[in-house]
Amino acid sequence: MRTVARIVLLLLVIGAALAGGAYWYLRQSLPQTTGVMRIAGLDAPVEILRDAYGIPHIYARSADDAYFALGFVHAQDRLWQMEMNRRLAAGRLAEILGPQGLYTDRFMRTLGVRRAAEASFKNLDADSRKSLAAYAAGVNAFLATGRVLPPEFWILRDTPEPWTPVDSISWTKMMAWDLGDNWKNELLRMSLARTLPVERIGQFLPPYPGDAPQKLPDLHQLYAALGDDAWRLAEDTERVAELLPSWQAEGIGSNNWVVSGARSASGKPLLANDPHLGLSAPPVWYFAQLHAPGMDIIGATFPGVPGVVLGRNTRIAWGFTNTGPDVQDLYLEKLEGEDGYLTPQGARPFLRLDETIKVRGAPDQKLAVRISRHGPVVSEVLRAAQGLAPRGHVLAFAWTALADDDASVRALFKLGQAHDWTGFLEAARDLGAPQQNIVYADVDGNIGFIAAGRVPVRRPDNDLLGLAPAPGWLAKYDWSGYIPFDELPRSYNPASGVIVTANNKIVPPGYKRWITSEWQPPYRAERIEELLAAVPKHTVPSFARVQADIVSLPLRELLPRLLATKPRTREAAQALALLARWDGAMASERPEPLIAMAWWRELTRALYADELGEAFRPNWLPRAEFVANVLAGKDGAALWCDDVRTPATETCEQILASSLDAALVDLRRRYGEDMMAWRWGAAHVALHEHRPFGRVPWLARWFDITVPSPGGPYTVDVGRSNFFDDERPFANRHAPSLRAIYDLADPEASLYIYSGGQSGNPLSPDYRAFSAAWARGEYIRMTADRARLEAAGVRRLTLQPRK
């Protein structure tokens, strides 16, 4: 026995030594932040001062050296994130993930983001190409240092290739992809048209409040003429959509607003911005300051992309929200001949590209990509993988970001160096995709806004308006260029002294151009306007209170109808009594928000799972406008309360009672019998999922970031869950990825915070440094003054040119 014990002890000692050695070795992957490094590619020395939060403040003697240094620090802190992002955009995940990455790779190769980025780079001006090259050289200079790579590279046995300017452009297009997927509603309408008339489809996807329903042709008649092709194409493409890395949903987006000096205590503008994006570990954003002759910018950057996306310089501040335009259209292409399709002028051959996808641990996969005059054919991704022949029709995908002359990345270079409204507009003119509501303020007291980006012009006889897949052989559905920049919605120094955008409808009455009819619901915008109107003179703290607001307007509006429910059980009566005293605030420490959201989840399941069938799970959303219309019986919408799968006719009263019972059964199973011990924050944990280890349980515990959080899908401090996730249906997956408040009276008093930390290395204390403070609604001072930085203490790294 003693011998066995000694052997076990020896093995434990050896294991501990190996683990300690591995930990010590991987600690070498943390960045060098002090001293001097000699680096090839610089024209002059660059100083990088890192503050207490790990934020780099870059002092260079030229803009190109500043971009070079930004590439260097991005690679120091976020190399794995950059590697995954460019692999995703290029359709090269399977090279490191094996067959599990194949479906995404097939779609991304078909979509052609990397091809579009290559074309965009060729069409850029020389100065923009030079800046992109300087940034790429900085990334590659870090790779040349031979530092130990972050843990993910060792776990997946991946070695990064040199960075290229095309990699940077590719990721800007992927952000446009994440912010614009109305094509999925096109598929949904085509699917629903199989069994529902267009009027009922319009009930399920209702118009913006106050707008008339969009008049569409008889979709069933349109698609039934194609035989079974339309329904099968919709099913195939929806399955592809479910496999993709993002899923946008109703109620999410971003907030920004600005008030003039007439509405502030200081007499100068205040500007707020909180972009809502999918939570990830590390987060999307990386804060940095760039200082060079003619350049002094601080704000949020995308790792992998040069330039400050959101922030301020010494003269102006700006913030984005997604406009939500319809810039993606699906086209039914009728196959003609061996490899052609029908156009208004007759048959035309597809452009064909042959792709080879390398797969770790498996043979290479061949992929034939076909491109019509509208765009790549996306409906055959799964069928081709299964060796199935095309049907008589296919779906092609048109998207503004795939245009060869898209120069959106140039807007970033110009934006940070704009000093007034004229320069700001000149920068915004280059933004193609995604279209953004950009609010503006300057130190002279001016405020403004423009919805900048490319929006297709659709012909007057286009009766589908991008809301459902269109016959590609009919010229009336083709785009006719883009809305001219000077006709895009804008405002400058409005008399109200206030501008608010929250993905709501931003076009003024009588606006003649068509941007979309699928604006996000107005709840966040209405709540922000209500809170701004309640304070005569605003300050930075009052803006912070608005950003932290967690009142759900749709739940407040629905409560009277919910509370009229007749309880069937003692637990239901207890839940209704709690909700009767609730003010609709989605507070993390309370049980009421959890009860309300669980009830809402079961109610939506009961209302439309029967009608949607297989399309239900990927389209399972709160749909506040639809639910309100159904419960109010608006225009016959109460018909949705009936379960079409049963012979009886169910009423809304029955559905409300049964869904409450189902919700309480589910909550007891998940959180115990004591209703008063349930907590919204425990269920609504902000889940920052690591890519790809967030889906590997034994690795997720080390790489994911979780923190209890307040808010809900329609609150200003938004927190959107995935109802279709049975394991974590209330986890917060989409939230304010960044909060910033800019004080134009004293820019050094500006504040910011984002949801994770500056580092992308889980061994760093900066990996999750901001998460708890972010969830509590706290901020960090946005310091750019060098004297203040040095007085507070910095780590200084000097990059010296190596000749």
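What the table shows:
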quantity	calculated
Flag for Ala452 being under 20 Å from Asp296 (Cα atoms) and buried (at least 21 other Cβ atoms within 10 Å of the Cβ)	no
The lone exception for Ala52 - which of (1) within 27 Å of the chain's Cα centre (by Cα); (2) surrounded by fewer than 24 Cβ atoms within 10 Å (Cβ to Cβ); (3) of a type in the set (Gly, Ala, Ser) it fails	(1)
So Leu196, is it open to solvent by 10 Å² or more (accessible area, probe 1.4 Å) and touching a strand residue (DSSP E or B) at 6+ places or on another chain (Cβ under 7 Å)	no
Positions within the stretch 444-493 being under 30 Å from Asp420 (Cβ atoms) and free of Cβ contacts under 8 Å to residues at least 24 places away in the same chain, in sequence order	Pro484, Asp486
Of all residues in the stretch 32-42 being touching a Lys or Arg at 6+ places or on another chain (Cβ under 7 Å) and assigned to a loop (DSSP other than H, G, I, E, B), the one that is least open to solvent (accessible area, probe 1.4 Å)	Thr33
Looking only at the stretch 256-306, and only at residues there that are in contact with a helix residue (DSSP H, G or I) (Cβ under 6 Å, 6 or more places away or on another chain) and at positive phi, the one that is surrounded by the fewest Cβ atoms within 10 Å (Cβ to Cβ)	Gly267
The lone exception for Ser280 - which of (1) of a type in the set (Gly, Ala, Ser); (2) over 15 Å from the mean Cα position of the chain (by Cα); (3) under 25 Å from Val685 (Cβ atoms) it fails	(2)
Test set (1) surrounded by fewer than 21 Cβ atoms within 10 Å (Cβ to Cβ); (2) in contact with a Lys or Arg (Cβ under 9 Å, 6 or more places away or on another chain); (3) under 28 Å from Gln203 (Cα atoms) - Asp583 fails condition number	(3)
Lone unmet requirement of (1) open to solvent by 20 Å² or more (accessible area, probe 1.4 Å); (2) more than 30 Å from Asn462 (Cβ to Cβ) for Leu532	(1)
Enumeration of residues in the stretch 414-435 that are under 22 Å from the mean Cα position of the chain (by Cα) and either open to solvent by 10 Å² or more (accessible area, probe 1.4 Å) or among the hydrophobic types (A, V, I, L, M, F, W, C) (or both)	Leu415, Ala428, Asp430, Leu431, Ala433, Pro434
Residue count, the stretch 627-638 (criterion: exposed (fewer than 15 other Cβ atoms within 10 Å of the Cβ) and among the aliphatic types (A, V, I, L, M))	1
From the options Arg617, Arg545, Arg623, Arg601, residue that is touching a residue at least 24 places away in the same chain (Cβ under 8 Å) and surrounded by fewer than 20 Cβ atoms within 10 Å (Cβ to Cβ)	Arg617
Residues of the stretch 310-324 classified as under 26 Å from Trp519 (Cβ atoms), open to solvent by less than 10 Å² (accessible area, probe 1.4 Å) and not small (Gly, Ala, Ser), total	4
Of all residues making up the stretch 780-802, the number that are in contact (Cβ under 8 Å) with a residue 60 or more places away in the chain and outside any loop (DSSP other than H, G, I, E, B)	12
Residues that are farther than 17 Å from Ala90 by Cβ, touching a Phe, Trp or Tyr at 6+ places or on another chain (Cβ under 6 Å) and not small (Gly, Ala, Ser), drawn from the stretch 113-139	Tyr135
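The values are calculated or read from the model by the stated rules, or taken from the named source; none is laboratory data. Just so it is clear, the structure is predicted and the values come from calculations on it, not from any experiment. Methodologically, a virtual Cβ is constructed for each residue, glycine included, from the backbone with ideal geometry; neighbour enumeration extends over all protein chains shown. Just so you know, the surface numbers come from the protein's heavy atoms only, side chains and all, with ligands and any DNA or RNA stripped out. Shrake-Rupley method; radii C 1.70, N 1.55, O 1.52, S 1.80 Å.
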